[in-house]
Structures are given as structure tokens and as C-alpha cells.
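The next block holds one structure in the form of C-alpha cells; read it before the comments.
The values are calculated or read from the model by the stated rules, or taken from the named source; none is laboratory data. Just so it is clear, the model here is predicted, and its values are computed rather than measured. Please note: Cβ atoms are built from the backbone with ideal geometry, for glycine as well, and neighbour counts cover all protein chains shown. When the accessible area is computed, the model is the full protein with side chains, heavy atoms only, and any ligands, DNA or RNA have been set aside. Shrake-Rupley method; radii C 1.70, N 1.55, O 1.52, S 1.80 Å.
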Amino acid sequence: MKRNQSAEDYLEGILLLSRESEFVHRVDLARKIGVSQPAVQKAVKILQAESLVECDGLHIYLTAKGAVYAEEIYERHCVIREFLALLGVNSDDAEADACEMEHVVSSATFEAIKKFVENNKK
């Protein structure tokens, strides 16, 4: 699947909400990522077509494929945020920048960042 920031944001949001509650509702996802409910509805249809999520009418669930992808995205986010913090970036900026950077860094760059973080944890 081609990397798509919007789709990745939705998957990451679903993952994080599913860690907080057994059920993920469209309204909660809309609030979490700052979009309208119709935007969530449209995105969910696209994610369903790619077999990344399933819906039962009320709830959104990650498929096995979607869960793997969402975990990869979230790992990128966390590692990049930690990398930026190690560089001395304040936590708010590190969080905001990680949200953007997680979608655009190459796999090779991410692996280098990850290795740096692992070797420099305090």
C-alpha cells in the first residue's frame, strides 16, 4: 500500500482509541484526529476497501492487516518523538513534528533514527 498520511492518521487514531476502550466510535475518532464525522465515514469506507478496518454499523475495528500497519505507524511516531526529545526539542514540538515526520521519512532513515534512539536512551 502506498503511504498515505490521512489513512495513517485514521489507523493510528483507531489503534489508540482501541487501547482506551473496547469499542471505537466514529464520533470519538472524529474528535481524536480533529475532523468531521462525514470525513470519518468517507475514510472508513476507503480503509474497509483496503481491508484495514471492519465496521459493524456502530463500531470500527482494525483487521489483522490494519493492526499491523497501525502498530508500525505508531512505532514510527514514538521513536521519532523520542529522537527529537533526545535532541533537546521540547515535548509539544517533538509530538507535533513526529506526527508529520512519521509519514515522510524513508525506511532507511527511520531505522537509523531507531538505532540512534536505542543507543542513546537515558
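So the values come out like this:
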{"read-out": "Spacing of the two label points (7 Å from each Cα toward its C-beta) at C99 and E20, in nm", "value": "1.3 nm"}
{"read-out": "Ellipticity estimate at 222 nm from DSSP helix runs (n ≥ 4, -39,500 (n - 2.57)) divided over the chain, nearest 500", "value": "-22500 deg cm²/dmol"}
{"read-out": "Rounded, prolate or oblate (a/c below 1.5 giving rounded, otherwise prolate when a/b exceeds b/c) for region 1-69 by Cα gyration tensor", "value": "rounded"}
{"read-out": "Cα long-axis angle, helix 107-120 against the chain (0 to 90 degrees, to the nearest 10)", "value": "60 degrees"}
{"read-out": "Accessible-area order (highest first, 1.4 angstrom probe) of the listed residues R31, R26, R76", "value": "R31, R26, R76"}
{"read-out": "Length gained when the stretch D56-S91 is fully extended (0.36 nm per residue, less Cα-Cα span)", "value": "8.9 nm"}
{"read-out": "Extension gain, F116 back to E75 (0.36 nm per residue minus Cα-Cα distance, nm)", "value": "13.3 nm"}
{"read-out": "Selection of GluC sites (Glu not before Pro), region 15-88, meeting DSSP coil and at most 10 other Cβ within 10 Å", "value": "E22"}
{"read-out": "Degrees, to the nearest 10: 64-86 long Cα axis against longest axis of the chain", "value": "30 degrees"}
{"read-out": "Estimated dipole of the chain in Debye, rounded to 20 [Cβ of Lys and Arg +1, of Asp and Glu -1, Cα centre]", "value": "180 debye"}
{"read-out": "Lysine pair number, Cα distance threshold 24 Å (strictly under), the chain, separation 8 or more or different chains", "value": "12"}
{"read-out": "Solvent-accessible area of H25 with every protein chain in place, 1.4 Å probe, in Å² to the nearest 10", "value": "70 Å²"}
{"read-out": "For region 7-120, the fraction of alpha-carbon pairs in successive 5 Å shells from zero, as %", "value": "2, 12, 21, 21, 17, 13, 9, 4, 1, 0"}
{"read-out": "The chain: relative contact order in percent, alpha carbon pairs under 8 Å with at least 6 residues between", "value": "23 percent"}
